[in-house]
Amino acid sequence: MKLSFALAALAGLAEGTITYVDQETGFTFSEYKAAYSLTANIVFRFALPSNAPSGPYNAVIQTVVPNQLGWIGLAWGGNMVRNPLTVAYPNGQKATVSSRWATGHTTPTSYTGATYTLLNAGNKVNGSHWQFTAKCSGCTTWTGTSGSVRIAPTSSSRLAFAYSTGKASTPSSNTSSIPVHDTPNYFTNDFSQGLNPNFDALLQRNGVSDTGAGAVFVDGPL
Ligand code: HEM
Ligand SMILES: *[C@@H]1O[C@H](CO)[C@@H](O)[C@H](O)[C@H]1NC(C)=O
Ligand SMILES: *[C@@H]1O[C@H](CO)[C@@H](O)[C@H](O)[C@H]1NC(C)=O
């Protein structure tokens with residue numbers, strides 16, 4: 001039995017991707033609850049456009065993280081090395097999201113191939129959790145170890161995540177150093193459960209434009 005499945009079973013947590021409609025932002029997300037201990041999980045949510053072009057396209061990522069954790073990371077290609085790493089840590093009443101890349105099993109450096117913009121809604125901290133919601137330009141395509149990779153919006157693919165109870169040294173900075181993670185883990189997310197026909201309009205409703213998906217201009221002039 002896989003460790004992740006064992007943890008989820010012991011914790012009585014749902015295993016698998018579901019569809020989650022977020023009332024605050026209006027986005028429909030594919031949602032995976034990734035168990036990292038017997039009793040706790042990190043919720044990962046992904047909203048993609050239904051009408052994504054064949055090249056680069058934007059995504060919205062939302063996570064809900066127990067306050068016990070000082071940082072979390074999502075590896076879009078399913079391992080640490082040579083894929084976009086979304087790293088986040090709480091900073092006061094919001095989170096700082098940082099774009100990283102690793103060429104080995106050492107502290108990842110800044111990655112300019114992916115950029116993040118926090119939405120006006122869906123970013124908050126309360127007594128138990130911190131949550132961020134951001135547009136990512138550059139998370140769904142990259143050049144990996146064996147060439148070009150593109151997450152197909154209608155597919156399931158294997159992702160990886162990392163986390164630590166240790167805190168970022170400079171939480172207000174997106175280039176803060178972070179301590180090494182605890183044991184990383186993997187999950188398969190079914191992105192097709194979070195497709196949005198009105199992706200651009202929802203971004204605009206949340207104060208963000210759908211430009212800058214990478215090398216190309218995605219959905220026409222706004
Ligand atoms: C903060 C500095 C970091 C250091 C020093 C570090 C170091 C390492 C090391 C040594 C391993 C191998 C563990 C083993 O073989 O047992 C590893 C694996 C892994 N790390 Fe990191 N890491 C760091 C940050 C990150 C970040 C930000 C992510 C973001 C998701 C990440 C994701 C992973 C994943 C998914 C694995 C397992 C898959 C693989 O081997 O590529 N790491 N890391
Ligand atoms: C930090 O934020 C700046 C301004 O938005 C951005 O240009 C830069 O790429 C970001 N760096 C990282 C590592 O996320
Ligand atoms: C705290 O925030 C999280 C994430 O937004 C939410 O799931 C949880 O219900 C909130 N808890 C309380 C007590 O409001």
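The values are calculated or read from the model by the stated rules, or taken from the named source; none is laboratory data. Predicted model, so just to flag it, every value in this text is computed and none were measured. Cβ: placed from backbone, ideal geometry, glycine included. Neighbour counts: every protein chain shown.
Quick notes on this structure:
- Under the condition of being more than 16 Å from the chain's Cα centre (by Cα), farther than 26 Å from Pro184 by Cβ and of a type outside the set (A, V, I, L, M, F, W, C), the residues counted in the stretch 26-55 number 6.
- Residue in the stretch 106-122 that is more than 10 Å from ligand 1 (Cβ to nearest atom), free of Cβ contacts under 8 Å to residues at least 24 places away in the same chain and closer than 25 Å to Ala152 by Cα present: yes
- Verdict on Gln68 being assigned to a loop (DSSP other than H, G, I, E, B), within 16 Å of His181 (Cα to Cα) and within 14 Å of ligand 3 (Cβ to nearest atom): yes
- Taking the criterion of being among the β-branched types (Val, Ile, Thr) and not in a loop (DSSP other than H, G, I, E, B), the residues of the stretch 81-102 that qualify are Thr86, Val87, Thr96, Val97.
- Taking every residue in the stretch 74-103 that is under 13 Å from Asn174 (Cβ atoms) and free of Cβ contacts under 8 Å to residues at least 12 places away in the same chain and pairing it with any residue that is surrounded by fewer than 18 Cβ atoms within 10 Å (Cβ to Cβ) and not β-branched (Val, Ile, Thr), at least 6 positions away or on another chain, yields no pair with a Cβ-Cβ distance below 8 Å.
- Flag for Ile61 being closer than 20 Å to Thr175 by Cα, within 16 Å of ligand 3 (Cβ to nearest atom) and either in a loop (DSSP other than H, G, I, E, B) or touching a strand residue (DSSP E or B) at 6+ places or on another chain (Cβ under 8 Å) (or both): yes
- Any hit, the stretch 116-128, residues being away from ligand 3 (no atom under 16 Å from the Cβ) and in a strand (DSSP E or B): yes
- Test for Gly78: is it modelled with pLDDT of 95 or more, more than 14 Å from Lys124 (Cβ to Cβ), assigned to a loop (DSSP other than H, G, I, E, B) and touching a strand residue (DSSP E or B) at 6+ places or on another chain (Cβ under 6 Å): yes
- Where Asp190 falls short, out of the listed (1) in contact with a strand residue (DSSP E or B) (Cβ under 6 Å, 6 or more places away or on another chain); (2) at pLDDT 95 or above; (3) under 24 Å from Ser98 (Cβ atoms): (3)
- If only residues of the stretch 129-141 that are assigned to a strand (DSSP E or B) and touching a Gly at 6+ places or on another chain (Cβ under 8 Å) are counted, the one that is nearest to Pro66 (Cα to Cα) is Gln131.
- Residues (surrounded by fewer than 18 Cβ atoms within 10 Å (Cβ to Cβ) and polar (S, T, N, Q)) located in the stretch 186-197: Thr188, Ser192
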